[in-house]
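Engineer: Take this structure first; my questions come after.
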Amino acid sequence: MESIGLNAIDFIIIIVYLIGIVWYGIRKGKQENSEDYFLAGRDMTWPIVGISLFAANIGSNTLIGLTADAYQTNVSVYNYEWMAAVVLVFFAIFFLPFYLRSKVYTMPEFIERRYDSRSRYLFSGITIVGNVIIDTASGLYAGNLILKIIFPEVDSWIIISFLAFAAAAYTIPGGLSSVVHTEVIQAVLLVFGSILLTYFCFSEVGGWEGMINGLNSMKDSGALDKTPDQIMSLVRPADDSHLPWTGLLFGVPLLGFYFWANNQFMVQRVLSAKDLDHGRWGAIFAGLLKLPVLFFMVLPGVVAIVLFSDLDISFINYTFDRNGQEVLCSNLSDCPNMTYPVLIYKLLPTGVLGLVIAGLLAAMSSSISATLNSASTLITMDFVSKINPNIGSKSLVRAGQIATVILVILAAAWAPLIETFSSVWEYLQVVLGYIAPPIVAVFLVGLFYKRANGNGAFYSFLFGYGLVIVFVILKYFTEAPPEWTKVHFLLQVPILMILCALANIVISNLSAAPSPEKTEGLIWTTSLYTAETKDLEGAPWFKNYRILSVLLLILTAIIVIWYW
């Protein structure tokens, strides 16, 4: 494969976009007070909420990760995407009303209201670390992959530093309002670019029939060990090394629940909704937007199997870590993270290529700005405001801006370590599998079990992360890891969640029950469902979130059954 250079038109499109989006983000920023800066004034309507949720989720890390995993493990990676629709329905029905009615800024603040301050600070610290090493760092790393092909001789740390500066340029001065408004533009551009790539992919491979015929030919020649039916199937055997059906059933929903319902950088968008209806409609809309991802973000990775399995990409001068040794990428099987960049550079014509790269950089800046703003919100509202209760609103904003600078530096320093994983997607899911279960347990028990108290939540946190630390040490830092540490990470997730939930329940019952005032308005009951039913009487179907939820679930089921 010869070295790739962008046409002048492509460069102009990319530069104009970057300058324009920073200008627009700053112009749309709000920082008159802390509510403006951190929650965009709480006046976002449902289309903005939904698109913002989608854009923050489909960053360059997710986009590159999905395509890479589709190349490596095939269509089954889409299970994470359709499951999001199911999780968002559950979130809209059960959790969102309590979040919005409590008028909190952060998820840890909600945990304090339900439990106590000990759990709040512990959860906040864990979330900040997770935002930096999962979302922000992986977004920077994915942006590096995109630009590394154009500038193979430039060190990765230089590219990552540049991207970090660009993403922080409008997040720091503008806050969440800047983030949300720019995300709408970025989401439109990203989806449009991804649809264009899908079109060119299928044009090159000869349409759907050409892709299937190509996979059959590779199977017949021994280049593939799977049939096209197996490659296109969502449900895998229980012994599948990537996504067993048991992991799909018990692990993927819990990871999704943490990501969409407990993770500050996602929930913060819904907290900015003008009211509960707009929050619910926005969440359901985001679930709907996740469904087409199969066609314009996953299937291109399958097409790449046919088109570029033997492509020489050694010119990129990109190395990865394998067993402590740096290895030069020679093809996509060595380095699946390069699947999406290779597709766009090889298939897209001049002008379209610049537009799609601009979309990828948009996705990168979208997800990074989202995590930076949410993490700075946590630092400011959960720590700075508690250390200095008399701090003014403008000083809180300034503290959030300083925190953003520190966080982006830490994320840029961590990003190169992602190269030690086989793919961005594997990194995202494995690390999430260690962070999510104790948090999910605390939220679920807290909402549905009235007897749960502060001791139960705090010590279940300590118990859960203590187990994680022991597990990681035994699995990665011992010469002969115990056999039980080799269980699939998607099965580790439900086991750890159940253990933490049981710890919360047992410890709570060994100490005093929370006062009625502590749990009032924070526990789900059937009476709430009955009251909502009366409120929805007479509402048109398109304003009834229950009907919209059922329609979304039916559409999701049709897609899953079709690709079963």
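Engineer: Give the number of residues within region 517-564 that are among the hydroxyl-bearing types (Ser, Thr, Tyr) and within 27 Å of the chain's Cα centre (by Cα).
Structural biologist: 4
Engineer: On the basis of being within 25 Å of Val104 (Cα to Cα), touching a residue at least 12 places away in the same chain (Cβ under 8 Å) and surrounded by 10 or more Cβ atoms within 10 Å (Cβ to Cβ), does Ala513 make the cut?
Structural biologist: yes
Engineer: Further, regarding this structure: Can Asn33 be described as buried (at least 22 other Cβ atoms within 10 Å of the Cβ) and modelled with pLDDT under 85?
Structural biologist: Spelling it out, it is not the case that Asn33 is buried (at least 22 other Cβ atoms within 10 Å of the Cβ) and modelled with pLDDT under 85.
Engineer: What residue, among those in region 520-564 that are of a type in the set (D, E, K, R) and in a helix (DSSP H, G or I), is nearest to Phe448 (Cα to Cα)?
Structural biologist: Per the stated criteria, the residue is Glu532.
Engineer: Would you mention how many residues in region 80-126 are without any contact (Cβ under 8 Å) to a residue 12 or more places away in the chain and outside any helix (DSSP H, G or I)?
Structural biologist: Summing the residues that are without any contact (Cβ under 8 Å) to a residue 12 or more places away in the chain and outside any helix (DSSP H, G or I) in region 80-126 gives 1.
Engineer: Among what's in region 509-564 and is of a type in the set (Lys, Arg) and at pLDDT below 90, pick the residue that is nearest to Ser102 (Cα to Cα).
Structural biologist: Going through region 509-564, the residues of a type in the set (Lys, Arg) turn out to be 518, 534, 543, 546.
Imposing the further condition that a residue be at pLDDT below 90 reduces the set to 518, 534, 543.
Values: Lys518: 13, Lys534: 22, Lys543: 23 Å.
My answer is Lys518.
Engineer: So which helices (runs of 4 or more DSSP H) are wholly in region 218-322 and hold at least 1 residues that are over 17 Å from the mean Cα position of the chain (by Cα) and within 21 Å of Trp46 (Cα to Cα)?
Structural biologist: 264-271, 276-290
Engineer: If you don't mind, there's one more thing I want to ask. Could you tell me which residue of region 98-139 is surrounded by the fewest Cβ atoms within 10 Å (Cβ to Cβ), considering only residues that are at pLDDT 80 or above and among the aromatic types (Phe, Trp, Tyr)?
Structural biologist: Here the answer is Tyr121.
The values are calculated or read from the model by the stated rules, or taken from the named source; none is laboratory data. Since this is a predicted model, take the numbers as computed values, not measurements. We place every Cβ from the backbone using ideal geometry, glycine too, and count neighbours over all the protein chains shown.
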